[in-house]
């Protein structure tokens, strides 16, 4: 059974995946309470200043950067704990099933992912330091850096593992299951139309948070009405429905969709505001890399290691005053931020190189089948519907 087919284990009612979104966001919300309290204390209860600072993620309040990093990551920790509880209680799934198709999590693979991507990340940073030393200032503060190391080593892997488990595991498997339903293509078209409409209104009208919520809620209600009125069922009998179904029932579809979602998840990062939406290509490309590695290796262990070391090196080695991680790193990038071709070189050179290195190490085969093959629905006898059975 390959990695996507492993997703058929446990209970997979569609509404469970919506509940999990709410659970994760609830965990993130609870985790943001401490930083909200700290921010209110910093502004002495001035709600106007608090609101203005909130638009900048409270980075302008002078909160100690190590404390700020810890408080920002707290939401991920709580969300991950809630995710594990609900995964087991509601879905009747083991955490292992959304991480790997192997019987046990391969910790050596996680370690090798850390090693390979760590060498590549630190190597590329070092080359830039050598070629453009004028862009960096030495920022080593022993005590603060030691605290930063502790926070980064303990908390960042939890943040990145949650993201990998959600995007490369839980929801990529969920989308793979969805592609086996003939209604999936029509639902996908509907969602894309709703997203396009929402982006149009967002760009042309001043919408408050409540209006955003009402619109998204409305899209969902309309989809439910369409589903239960059997309109979608009738659409599946149209002439083009079956060819569309066969086209979308491919491993590449959940890979592409989760990569896009992973990129869009970063749309609120301060670097997007600074450099523009084109930078989302970098995040989508990173999600695609982690997804390709996951499918070819039949497990997310390598991606978990790579993502963890990527964010840790970003926090520990080079910081700026305009990225999501503003830390007591070894160096401060003082150059004027700009979007250039060089920023996308890692996607063009280092990403394929990484896949090549990993493929040689783990002797990957059947690339076409794993990436573009049909989603395989396992035999009923191979699917476990309850934990312990």
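The values are calculated or read from the model by the stated rules, or taken from the named source; none is laboratory data. The structure displayed is predicted, hence computed values, not measured ones. Ideal geometry is used to build each Cβ from the backbone, glycine not excepted, and the neighbour counts take in all protein chains shown.
Anything in the stretch 212-234 that is at pLDDT 90 or above and closer than 16 Å to residue 181 by Cβ? List them, or say none.
Of everything in the stretch 212-234, nothing turns out to be at pLDDT 90 or above and closer than 16 Å to residue 181 by Cβ.
Enumerate the pairs (first residue in the stretch 310-324 and at positive phi; second residue anywhere and surrounded by fewer than 20 Cβ atoms within 10 Å (Cβ to Cβ) and not in a strand (DSSP E or B)) with beta-carbon separation below 7 Å, excluding pairs fewer than 6 apart on the same chain, so at least 6 apart or on different chains.
Pairs that qualify, where the first residue is at positive phi and the partner is surrounded by fewer than 20 Cβ atoms within 10 Å (Cβ to Cβ) and not in a strand (DSSP E or B): there are none.
Just name the residue that is modelled with the lowest pLDDT out of those in the stretch 277-302 that are within 18 Å of residue 323 (Cβ to Cβ) and more than 16 Å from the chain's Cα centre (by Cα).
Out of the qualifying residues, it is 277.
Residue under question is residue 103, and the condition is that it be without any contact (Cβ under 8 Å) to a residue 24 or more places away in the chain and either part of a loop (DSSP other than H, G, I, E, B) or crowded, with 20+ Cβ neighbours inside 10 Å (or both); does it hold?
Here the answer is yes, as residue 103 does meet what is asked.
For every residue, the table says whether it meets (1) surrounded by fewer than 14 Cβ atoms within 10 Å (Cβ to Cβ); (2) closer than 27 Å to residue 297 by Cβ; (3) modelled with pLDDT under 95.
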| position | (1), (2), (3) |
| --- | --- |
| 30 | no, no, no |
| 36 | no, no, yes |
| 47 | yes, no, yes |
| 60 | yes, no, yes |
| 88 | no, yes, no |
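Taking the condition surrounded by fewer than 16 Cβ atoms within 10 Å (Cβ to Cβ), in a loop (DSSP other than H, G, I, E, B) and over 25 Å from the mean Cα position of the chain (by Cα), does residue 233 pass?
Here the answer is no, as residue 233 does not meet what is asked.
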